[in-house]
Amino acid sequence: MSEIHIRRAVIGDAAALVELENATFAADRMCARQWRHHLKSASAQVYVATRRLRVVGAAVVFFRRSSRVARLYSIAVAVCERGSGIGEKLLRAVERAARRRGSRVLRLEVRNDNIGAQRLYERHGYRHLGMHRAYYEDGHDARRYEKVLLPDMNGGRLEKA
């Protein structure tokens with residue numbers, strides 16, 4: 001298999017991001033307009049995982065100017081690429097971005113039935129904070145997680161896999 005590359009997304013990735021979003025999530029999907037907004041926004045960063053120049057994963061993190069808490073909004077990995085470590089690589093990229101922006105905590109919500117994602121977060125030091133009942137559009141509950149971010153020992157570099 002070819003290498004996975006993690007990089008900041010650009011506006012030219014918008015169509016691939018919409019396609020990935022629609023293939024990954026059954027509800028609560030971002031439309032093309034929302035993706036373009038996040039790609040241009042100073043308060044959001046979008047990362048993509050590519051294999052052979054094809055987008056196979058994405059992550060979105062939000063920042064608030066007056067807060068040291070960043071929010072991981074979404075990680076999506078193409079179905080055919082799940083289990084290959086892409087989610088972990090995207091998570092590390094988001095954590096590095098949050099540290100560079102001065103965030104001390106990263107928070108997220110994940111569907112209560114998404115056991116694979118919960119395991120990923122727990123393996124990487126996220127602690128379960130509680131639940132949001134009927135959080136998602138389809139009525140599913142969300143588990144809340146957070147991680148205190150330690151200083152970046154990798155110098156903030158993105159990595160190849």
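When region 6-27 is filtered for residues that are within 15 Å of the chain's Cα centre (by Cα) and buried (at least 17 other Cβ atoms within 10 Å of the Cβ), the ones remaining, listed by number, are Ile6, Ala9, Leu17, Val18, Leu20, Glu21, Thr24. Mind listing just one residue for me: the one in region 19-39 that is aliphatic (A, V, I, L, M) and without any contact (Cβ under 8 Å) to a residue 60 or more places away in the chain and, of those, farthest from Val61 (Cα to Cα)? Here the answer is Ala23. A count restricted to region 1-14 and to residues that are more than 25 Å from Arg111 (Cα to Cα) and outside any loop (DSSP other than H, G, I, E, B) stands at 7.
The requirement of being touching a His at 6+ places or on another chain (Cβ under 8 Å), outside any loop (DSSP other than H, G, I, E, B) and hydrophobic (A, V, I, L, M, F, W, C) is satisfied by Val60. I'd like to know if region 39-49 contains one or more residues that are surrounded by fewer than 19 Cβ atoms within 10 Å (Cβ to Cβ) and under 19 Å from Tyr136 (Cβ atoms). The answer is no; no qualifying residue exists. What number of residues in region 72-92 are surrounded by fewer than 21 Cβ atoms within 10 Å (Cβ to Cβ) and either of a type in the set (A, V, I, L, M, F, W, C) or over 10 Å from the mean Cα position of the chain (by Cα) (or both)? Of the residues in region 72-92, 8 are surrounded by fewer than 21 Cβ atoms within 10 Å (Cβ to Cβ) and either of a type in the set (A, V, I, L, M, F, W, C) or over 10 Å from the mean Cα position of the chain (by Cα) (or both).
The numbers here are math on the coordinates, done by the rules we state, and not lab data. Quantities reported herein were computed from a predicted structural model and do not represent experimental measurements. Heads up, the Cβs are rebuilt from the backbone with ideal geometry, glycines too, and the neighbour counts pull from every protein chain shown.
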